[in-house]
Amino acid sequence: MDGIWQWLATTGLRITLVVLFAVLATRLIRWVADTVSRRIARSDEQNSTVRSESVKHRQAVASVISSVSIAILYTAVGLDIANELGLPVGSLVAPAAVLGAALGFGAQRIVQDLLSGFFVITERQYGFGDLVELTVSAGGTATGTVEAVTLRVTKLRTSEGEVYTVPNGTIVKALNLSKDWAGAVVDVPVSSAVDINRVNDVLRGVAAAAMDDDEMPGLLLDEPQLMGVESIEVGTVNVRMVARTLPGKQFEVGRRLRALVVSALRREGIATAA
């Protein structure tokens, strides 16, 4: 009985303190990472309408550093506890190698995820707040705003509030819809009986008015361009307008442009296609 109390007072107490330290250190690492990310985002919000590419990258790097630090911490704590319990850590190397070889095929996916996540971060393919469309190896796609990027997974939130968790190793193609700048494409269907030159004049007026609109000048990089007739169908002619916008603002600009186009066509008495 005295031996048990002595073990609890020495080895047991040390193991308890090590575990407590690991828990507190984990919380501290996560708190520091969250604080750094919030400060980066706050400083960037004061300078621009959307987050810059460098800010997105720094936030992703901060997330990866915190997760790697926690993994290293847990590994060190595990080895220290094993040493305190008197386990022959050195003699476990050979069995661990055999076990690692046996699990090698199962671990291939994890290694692939980690390597893919490493290149996503270092190559700045996308970062926090980017709107992306990821094509996975199974053939499906996941579209949403990036909420988290780690070495293993990428988390996307859709416009409906759903969250995709995509292992990085399954990503075949990443389409970034908000890197550097974006494009709003507006196709205007009009009746084939309408004078196209008149429609073009109206749309050029809309493009010029967009720069004086209350909502769009801060989102547009330059004046929207009229591309002309995009396609011809039975009874319908589609005329296309294109606008360069700030990253991720193409949908907002597109909706506002369509509203201006509809109002302008109504004022001129030009009917859109049925």
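The values are calculated or read from the model by the stated rules, or taken from the named source; none is laboratory data. These figures come from a predicted structure and were not determined experimentally. Here Cβ is always computed from backbone atoms with ideal geometry, including for glycine, and neighbour counts include all displayed protein chains.
A few points about this structure:
- Test: T165 is closer than 25 Å to A62 by Cβ and in contact (Cβ under 8 Å) with a residue 24 or more places away in the chain: no
- Residue within the range 134-157 that is in contact (Cβ under 8 Å) with a residue 40 or more places away in the chain, of a type outside the set (G, A, S) and exposed (fewer than 13 other Cβ atoms within 10 Å of the Cβ) present: no
- Checklist (1) modelled with pLDDT under 80; (2) assigned to a helix (DSSP H, G or I); (3) surrounded by 11 or more Cβ atoms within 10 Å (Cβ to Cβ); (4) not basic (K, R) applied to G106, failing item: (3)
- From the options G183, G228, residue that is more than 15 Å from the chain's Cα centre (by Cα) and at positive phi: G228
- The lone exception for V261 - which of (1) in contact (Cβ under 8 Å) with a residue 40 or more places away in the chain; (2) assigned to a strand (DSSP E or B); (3) not charged (D, E, K, R) it fails: (2)
Every residue, every condition in (1) part of a helix (DSSP H, G or I); (2) surrounded by 16 or more Cβ atoms within 10 Å (Cβ to Cβ); (3) modelled with pLDDT under 60, yes or no:
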| site | (1), (2), (3) |
| --- | --- |
| A9 | yes, no, no |
| I29 | yes, yes, no |
| R58 | yes, yes, no |
| V68 | yes, no, no |
| N83 | yes, no, no |
| G86 | no, no, no |
| S91 | yes, no, yes |
| P95 | yes, no, yes |
